[in-house]
């Protein structure tokens, strides 16, 4: 409706402008015609007066040439169908004869008489003191000093003849019609570009930034169109820049791994990025809404409203329990505080890692303390034991605890090196060779527990990575299978390729792992209770997990208590 009203107003303005231009042109043409007519009348008047004077002059010269003495012959002569008035004046201005038959006063002061006395001839157009009407006079000086003056009434001059008036009206009609035609062309030349400009302006105002004015006209209107197009180009460029900046800002806010919330002075949301929405469980656009209507947490709202708090840590309970680090800053515009922005960072993982590190230190301390306590205790006891059999028994215990301590320290160092990528070089290698080396290394351990080792290798493709890490991976899995298998069990190692993926499987028929423990078996120092008697460090599978990650691979566990376990490692070929 607004657009239609704007169009209606625009058309009304165009019609009003058209009427004004036409009116102005018609008035101008009429003024020009009237002025031309008046000038024509003046020129015709002057020409007719001069023609009449020439006729009177010729009449005087004719009389003088023929030496006509009888003035009545001159009186019978007509100009403009009127008899000529004849007057004879001596050099002193005394009227010797006048065709009016009146006794006239001295004419020495008459203009035409003075000019004739001084210059030989003279003329004037003035009111006659004798007849009280306007006359055209012409006086000529005779050889004897007398003045011959002839005259006719001014009113006898015909300025417009019948034929001329008709022609004048025809010319006026043609000029007026042609002027109207030119005026209409002028109106179209002015109004049409302006209507086009108005149309383009309305469409740009409605969001169509690609339309431009057609530059058909030249001169000022064409220059106006070009200027308008240039302005529209600059406006579009500025809008594109603003949109580009806004899109960049939205992209940055959307990709940030921190929540950003900007509110005004009334705590109404200006900006909230997707990360903040996920943290607080907001599923719709809340721009312009009160932030407290969507974030119900007391600590968050208290932090938001407290001007003294700049940053802090908050434990969020809804919708998911999280540890948040929040920081607040004021939004200043033109030296005035218009709102505030809150940065929210989820530090739950950091807290969890800190907790894991603390637990790791505690576990390491505990794991190291246990064998050290045993070694120290039995070593001190040996000072007072004289029985050789008991002494030997204590020495065996000290030796086992030392080996356990050595394995623990070695596993910790291996895990630390793997996590930091501090050793090893990547190269091409064939897994089959390494698997055979591992089986030779654990053969003695398997024989002591009466466990049979089987291998099924059907892979001839190379892997790319750290050879030593891959050896450690296979060794830990096979040793793990042997350690947690009962006497008379079997451990099978399978190596093959499938759809471009290398697959390593270690299957045992041991005690198995409870379902409840499966999610945690890769944690450091985590051991299933039933397996504690095996003397493991609890770091073997943690080491395997990190090695698989260095190969960008995947590990799958399938285990059933009392049946056995299968560890499957999938790696990409070279």
Review point. Using a Förster distance of 51 Å, how high is the FRET efficiency between residue 379 and residue 456, based on the Cβ-Cβ distance and rounded to 0.05?
Key: 0.60
Check your understanding: Length gain on complete extension for the stretch residue 108 to residue 58, per 0.36 nm per residue less the alpha carbon to alpha carbon distance?
Key -> 15.7 nm
**Study point:** Rg to Rh quotient for the stretch 256-343, alpha carbon positions, Kirkwood Rh
**Key:** 0.94
Study note, to complete from the structure: Exposure proxy check on 208, 346: fewest-to-most Cβ neighbours within 10 Å is 208, 346
Check your understanding: Extension gain residue 306-residue 44, at 0.36 nm per residue separation less the Cα-Cα distance, in nm?
Key -> 84.4 nm
Point to revise | Proxy reagent accessibility, fewest Cβ within 10 Å first, across 38, 86 | key: 38, 86
Check your understanding: Ranked by Cβ crowding within 10 angstrom, fewest neighbours first, how are 283, 226 ordered?
Key -> 283, 226
Point to revise | Cα-projected label distance for residue 170 with residue 258, points at 7 Å along beta-carbon direction, nm | key: 9.4 nm
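Throughout, read-outs are computed from the coordinates displayed, never taken from laboratory work. This is a predicted model, so every value here is computed, not measured. All Cβ positions, even for glycine, are placed from backbone atoms using ideal geometry, and neighbour counts span all protein chains on display.
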